[in-house]
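Written below as C-alpha cells is the structure these notes are about.
The values are calculated or read from the model by the stated rules, or taken from the named source; none is laboratory data. Everything quoted here is computed from the prediction, not taken from an experiment. Positions of Cβ are generated from backbone atoms using ideal geometry, with glycine treated the same way; all protein chains shown enter the neighbour counts. Surface accessibility is based on the protein's heavy atoms, side chains included, excluding ligands, DNA and RNA. Shrake-Rupley method; radii C 1.70, N 1.55, O 1.52, S 1.80 Å.
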Amino acid sequence: MKVKNNIILALDVMDIDEAITICDKVKGQIDTIKIGYPLTLAVGIECINILKEQFNFQVICDYKVADIDATNDKIADITYSNGADGLICHGFVGEDSIRSCLDKANEYNRELFLLTEMSHPGARKFLQPVAEDIAQLGVDLNIKNYVAPATRPNRLKTIRNIVGKDAYIISPGVGTQGGSAKETLKISDAIIVGRSIYTSDNPEKAVKDILTK
C-alpha cells in the first residue's frame, strides 16, 4: 500500500458530515484514512464506501480485531466486503486468530496490518513484553504490513529489525501523543495522525505542519 506524503489521517470523529468536511479540506495532501469504531459505530459500516466513493481514498479499518479465529473470520469478511482496503488486527491473540484475518485478506486481495505494540503509555505493561514475539510471528506467517509506535523510537527500531526492511510499517502517535514525523519516517513507511489534524481549525495547514516536525 502506497500512501501519499507518507501520512494517514486517523479520522476518529463520530459524524459523517464532519468526516466529509475534514476529508474535503485535506484531500489534496492525503489519499489514505484510517477509521475505527467511533465513526463506524456512530454512522454504520457504510461510512467506508461513502468516503471511498466521494474522495477516492484508501481506507484502513482500525478495528484491532482480537477474537477467536471463527469470530475474526466474520469480522474480516464484513469489513473487506464493505470496501475496506486494509484491516488492523491484534497479534497477542495468537496464530490461529491472526491467520483467519490473513486468509480473508488474501481472499479479497486486500491488506492486513498486524499490530505489534500500541503508542499509549499503558501499552508498556502488557503489549511491549510480547511485541517482539508478535512481530516474529508475523514474519513466520509472511505478513507484510505492521503497526508499531512512533512514541517509542527505540521500540520501533526493534520491530523494524525483526520484520525487515521490505516490510511496510505504519506508526501511530505522531502529533498529540508526542511522536515526531521526521524521526518516525526514518524507520517507518507512513505515520498515522489524528487529533492534531481533525481537531485543528485549519486541517490542511496542520498536515503541512506535521510533516515539518
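Pairs of Lys residues in region 90-199, spaced 8 or more positions apart or belonging to different chains, with C-alpha separations under 12 angstrom: 4 in total. For region 40-117, the set of GluC sites (Glu not before Pro) satisfying both a DSSP loop assignment and a count of at most 11 other C-beta atoms within 10 Å is empty.
Distances between placed amide hydrogens fall under 5 Å for Glu111 paired with Gly86, Leu87, all partners being 5 or more residues away or on another chain. In sequence order, region 89-105 has phi-based couplings of 10, 6, x, 5, 6, x, 4, 5, 5, 5, 4, 5, 6, 5, 4, 6, 4 Hz under the Karplus curve 6.51 cos²θ - 1.76 cosθ + 1.60, θ = phi - 60°, and Gly or Pro positions carry x.
Here the label points at Thr212 and Asp69, each 7 Å from Cα along the C-beta direction, are separated by 5.2 nm in the simple model. With the Kirkwood sum run over all distinct C-alpha pairs, region 21-146 has a hydrodynamic radius of 15.1 Å.
Across all directions, the average flat footprint of the convex hull enclosing the Cα atoms of the chain is 10.4 nm². Once Rg and the Kirkwood radius are both taken over the C-alpha atoms of region 87-213, their ratio Rg/Rh works out to 0.99. Rolling a 1.4 Å probe over the protein heavy atoms gives region 119-170 an accessible area of 50 Å² per residue.
Note on the chain: with a GNM built from Cα contacts shorter than 10 Å, the maximum mean-square fluctuation among Val65, Val163, Val139 falls on Val139. Put Ser196, Ser100 in order of accessible area, highest first, and with a 1.4 Å probe you get Ser196, Ser100. Couplings for region 186-199, taken from phi via the Karplus curve 6.51 cos²θ - 1.76 cosθ + 1.60 with θ = phi - 60°, read 6, 10, 8, 8, 7, 9, 10, 10, x, 4, 4, 9, 6, 9 Hz in order; Gly and Pro are left as x. The H on the amide N of Ile191, modeled in the peptide plane, is under 5 Å from the matching H of Ile7, Ile8, Ser171, each at least 5 residues off or on a different chain. Once backbone amide H atoms are built at 1.01 Å from N, Thr32 has Lys4, Leu9, Gln58 as its partners under 5 Å, excluding neighbours fewer than 5 places away on the same chain.
Taken over the C-alpha atoms, region 70-130 has Rg and Dmax values of 12.5, 36 angstrom. With the charge dipole of region 123-174 set up from +1 on Lys and Arg Cβ and -1 on Asp and Glu Cβ about the Cα centre, the Cα lying farthest toward the positive end among the listed residues Pro153, Tyr168, Gly138 is that of Pro153. Highest GNM mean-square fluctuation among Ile20, Ile169, Ile30, for the chain modelled with Cα contacts below 10 Å: Ile20. Taking Ala131, Ala150, Ala42 as the candidate residues, the one with maximal mean-square fluctuation in a Gaussian network model of the chain, Cα springs under 10 Å, is Ala42. Taking region 132-146 and a reference point 7 angstrom along Cα→Cβ of Asp96, the backbone N atoms nearer than 19 Å belong to 134, 137-138, 141. Coupling constants for region 62-67 follow from the phi torsions by the Karplus curve (6.51 cos²θ - 1.76 cosθ + 1.60, θ = phi - 60°), and in residue order they are 8, 9, 6, 4, 8, 10 Hz; glycine and proline get x. For the chain, the relative contact order is 18 percent, taking Cα pairs closer than 8 Å that sit 6 or more residues apart in sequence and dividing their mean separation by the residue count.
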